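Just below is one structure, and these are the notes that go with it.
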Amino acid sequence: MLFLLILNIVLALVVGFDKTVVKSLFIHANKNIMQMIKYIRIPKIIMICITGAGLSASGCVLQTVLNNPLAEPFTLGISGGAACGVIISLLFNLSSRVGFLTVPFCAFIGAIISMLIVSILSSRKTFNHHTMILSGMIVSYMFTSITLLAFVLSPMDTLYMTFNWLMGSFSIFDERLIIIASAIVLSGIILLILSSNVLNAIYLGTDKSKTFGINIERNVKFLFFVTSLITATVVSISGIIGFVGLIVPNICKSIFGDNHSIIIPMSAYSGAMFLLACDTISTMIFSPIILPIGIITNILGGIFFLFLLIQKKT
Amino acid sequence: MIQVQNVYAKYINNTNILKNCSFTINNKDFVGIIGKNGAGKSTLLKVLCRILKPYLGNICIEYQDIQNLHIKDLARKIAFLPQYVNTNLSFSVFDFILLGRYPYMNTLKWPSQNDYNIVNQIIDLLHLYKLTNKQINQLSYGETQKVLIGQVIAQQTDIIIFDEPTAHLDIGSQNKILKCIKQLNEKYNKTIILTLHDLNIASEFCNKLILLNNGMICKQGTPLEIFQCGIIEKIYNIQFVIGTNPISNKPYLVPIN
């Protein structure tokens, strides 16, 4: 596992460089290249790892809480809200007026608004998995429609940037943003790991977990809040990267079992590794063009589900 | 002691399921709740465990209203095995039983050595040694039921409630499970409340029966009192002959065609 981590990081550091540049890194490092690695590649690797870990850990928890193996952070409409926030900030050109952190900030606000709407809609009566998923889908469709409307109305020059962001991109980053996002996501993952016992009990069914002395509604709200916060943070720095929160936890469960004290950390680790590998592929495949990472995760996700479908039929 | 006083309960947007139910269960009792499908047996158990809140009446354990108890304190007094528990999970039998220790844990308090020791004792008690490292989703129905009983024992409560613990089991497995529950009652002084469909098995194992019909308690008493009162014939719409088991001296029913 450590080998995989090292290999992944080394590949992510050197991918796209010329062979002579890679050789020189180990013999006599060029100052410019070292600065590029220090100020661009390493922060990008940190962001990718944080994003992958956050999305996978959240997906793992949501699949249990919503009792649905197809649930992922974006099921609850958070990405729709974030995308809406971004497109509005780009449409009104807020980044040039307020500052370049405006885009992630607007994405965060959008995600939080959608999270609040889903919370209010699903907590009107007693908690129900289906109500929550349905509320998430409604919110997602509403925000996607607003996003598409804004997309149609937006000027041509912002279209490429918006499209790139919608497909998942790590092009906007800032040291302060990385520190804040890392702090939120890592604290969130720790809180999720600490909730492993509750999640294991929730797995047994609502009636059974209630008799263990678990306040289901309070715990579900708490877990929903933490996963939403992680997703909102991650989406605001990386854009919409689908499938990571869906595939990685499912693979981890099939390998490591269902005990959350094991699968949450393993999902976080594997999610980070998976996304890092996807980024390396997206950089290499049409070099020097860097593909939006979401394209790679979506293709791999599609292949994964096709494989599952074929395997089930056989 | 459990005191149920004039309890009325219903599900959201539903008609009354339980109507004016009152009874008392003493410590160390082995109580069977019997009745037709849809009589309200499972609902009564859910009300006793506070999964469903009655809209009228109250339930007291040792003169304390369960609605006033903290949810974790209640989980240390009553353990419940519902009809449906998700066992399609990749948990080892040991870890699965350990989940029953949840009422003694919290976010920052994970399983202690004491919890592990308790689980090992339960594995000894139920003779589950061979299954300890097996995954719960690989067990037979009877084995799974035994592990689920292990999980409720792990809660270390004085009252244990089972909702049809012998459903879908063959007669041999039914006997094994009920003997195991009887052992909890006799050897470990647990108060047992369970729902059963088989009246003869209920008579054989329970010292008190509560007969439910349309959400109301029709009769409560010893199996013989219940069988002789004549209500069973009306509820089940079938004629019976009452006999006595020559070994256990417990009454049994034989339907007449």
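So which residues in the range A:266-293 are among the aliphatic types (A, V, I, L, M) and assigned to a helix (DSSP H, G or I), if there are any at all?
A:Met266, A:Ala268, A:Ala272, A:Met273, A:Leu275, A:Leu276, A:Ala277, A:Ile281, A:Met284, A:Ile293, listed by residue number.
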*Report, by residue number, each residue of the range B:120-141 that is in contact with a Lys or Arg (Cβ under 7 Å, 6 or more places away or on another chain) and free of Cβ contacts under 8 Å to residues at least 40 places away in the same chain.*
B:Leu128
*Would you please list the contacts, defined by Cβ atoms under 6 Å and residues six or more apart or on different chains, that run from a residue in the range B:74-95 that is within 7 Å of chain A (Cβ to nearest Cβ) to a residue that is acidic (Asp, Glu)?*
B:Pro82/A:Asp207; B:Pro82/B:Asp163; B:Leu89/A:Asp258; B:Ser90/A:Asp258; B:Phe91/A:Asp258
*Among the residues of the range B:16-43, count how many are outside any strand (DSSP E or B), at pLDDT 90 or above and in contact with a Lys or Arg (Cβ under 7 Å, 6 or more places away or on another chain).*
1
*Out of the residues in the range B:190-230 that are surrounded by fewer than 17 Cβ atoms within 10 Å (Cβ to Cβ) and in contact with an Asp or Glu (Cβ under 8 Å, 6 or more places away or on another chain), state the one that is nearest to B:Thr24 (Cα to Cα).*
B:Asn207
*Report, by residue number, each residue of the range A:191-225 that is within 30 Å of A:Leu308 (Cα to Cα) and of a type in the set (A, V, I, L, M).*
A:Leu192, A:Ile193, A:Val198, A:Leu199, A:Ala201, A:Ile202, A:Leu204, A:Val220, A:Leu223
*Please list, ordered by first then second residue, the pairs with beta carbon atoms under 9 Å, 6 or more apart or interchain, first in the range B:159-176 and within 11 Å of B:Gly142 (Cα to Cα), second aromatic (Phe, Trp, Tyr).*
B:His168/B:Tyr141; B:Leu169/B:Tyr141; B:Ser173/B:Tyr141
_Take the conditions among the aliphatic types (A, V, I, L, M) and either modelled with pLDDT of 90 or more or in contact with a helix residue (DSSP H, G or I) (Cβ under 7 Å, 6 or more places away or on another chain) (or both) and apply them to A:Ile146. Does it pass?_
yes
*Hey, among A:Ala201, A:Ala150, A:Ala181, which residue is within 25 Å of A:Cys278 (Cα to Cα) and buried (at least 18 other Cβ atoms within 10 Å of the Cβ)?*
A:Ala181
*Odd one out for B:Leu125 among (1) over 14 Å from B:Val152 (Cβ atoms); (2) modelled with pLDDT under 90*: (1)
*asked:* So the check is Cβ under 6 Å with 6+ separation or different chains; which pairs have a first residue in the range B:56-71 that's within 22 Å of A:Lys208 (Cα to Cα) and within 14 Å of chain A (Cβ to nearest Cβ) and a second one that's surrounded by fewer than 16 Cβ atoms within 10 Å (Cβ to Cβ) and among the acidic types (Asp, Glu)?
replied: none
*Filter pass, B:Leu125 being more than 12 Å from chain A (Cβ to nearest Cβ), surrounded by fewer than 18 Cβ atoms within 10 Å (Cβ to Cβ) and either in contact with a helix residue (DSSP H, G or I) (Cβ under 9 Å, 6 or more places away or on another chain) or closer than 19 Å to B:Gln174 by Cβ (or both)*: yes
*Return yes when B:Lys46 is within 26 Å of A:Val65 (Cα to Cα), at pLDDT below 90 and of a type in the set (Lys, Arg) and no when it is not.*
no
*Output yes when any residue across the range B:109-122 is of a type outside the set (Asp, Glu), buried (at least 19 other Cβ atoms within 10 Å of the Cβ) and at the interface with chain A (Cβ under 7 Å from one of its Cβ atoms), and no when none is.*
no
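B:Cys49 - would you say it is buried (at least 16 other Cβ atoms within 10 Å of the Cβ), within 16 Å of the chain's Cα centre (by Cα) and within 30 Å of B:Asn214 (Cβ to Cβ)?
Values: buried (at least 16 other Cβ atoms within 10 Å of the Cβ): yes; within 16 Å of the chain's Cα centre (by Cα): yes; within 30 Å of B:Asn214 (Cβ to Cβ): yes.
Judged against the criteria, B:Cys49 is a match.
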*Within the range A:191-212, is there a residue that is closer than 19 Å to A:Ile112 by Cβ and more than 7 Å from chain B (Cβ to nearest Cβ)?*
yes
_Let me confirm something: among B:Ile160, B:Ile136, which residue is closer than 21 Å to B:Leu45 by Cα and either within 12 Å of another protein chain (Cβ to nearest Cβ) or surrounded by fewer than 17 Cβ atoms within 10 Å (Cβ to Cβ) (or both)?_
B:Ile160
*Only one of (1) of a type outside the set (Lys, Arg); (2) within 20 Å of B:Leu81 (Cα to Cα); (3) at pLDDT 90 or above fails for B:Tyr104. Which number is that?*
(3)
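For the range A:1-97, which fully contained helices (runs of 4 or more DSSP H) count at least 2 residues that are closer than 30 Å to A:Ser135 by Cβ and modelled with pLDDT of 85 or more?
Values: elements: A:2-14, A:19-27, A:31-36, A:42-65, A:78-91.
Hits in the range A:1-97: A:42-65, A:78-91.
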*asked:* I'd like to check something: does the range B:163-172 contain any residue that is within 19 Å of B:Leu18 (Cβ to Cβ) and in contact with a Gly (Cβ under 6 Å, 6 or more places away or on another chain)?
replied: no
*Would you tally the residues in the range A:108-127 being buried (at least 19 other Cβ atoms within 10 Å of the Cβ) and either at pLDDT below 80 or basic (Lys, Arg) (or both)?*
1
*Identify the residue in the range A:216-258 that is crowded, with 22+ Cβ neighbours inside 10 Å and of a type in the set (S, T, N, Q) and, among all such residues, is nearest to the other protein chains (Cβ to nearest Cβ).*
A:Thr227
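The values are calculated or read from the model by the stated rules, or taken from the named source; none is laboratory data. Remember, predicted model here, so these are calculated numbers, not experimental data. Counting neighbours? That spans all protein chains shown, and the Cβs are built from the backbone with ideal geometry, glycine included.
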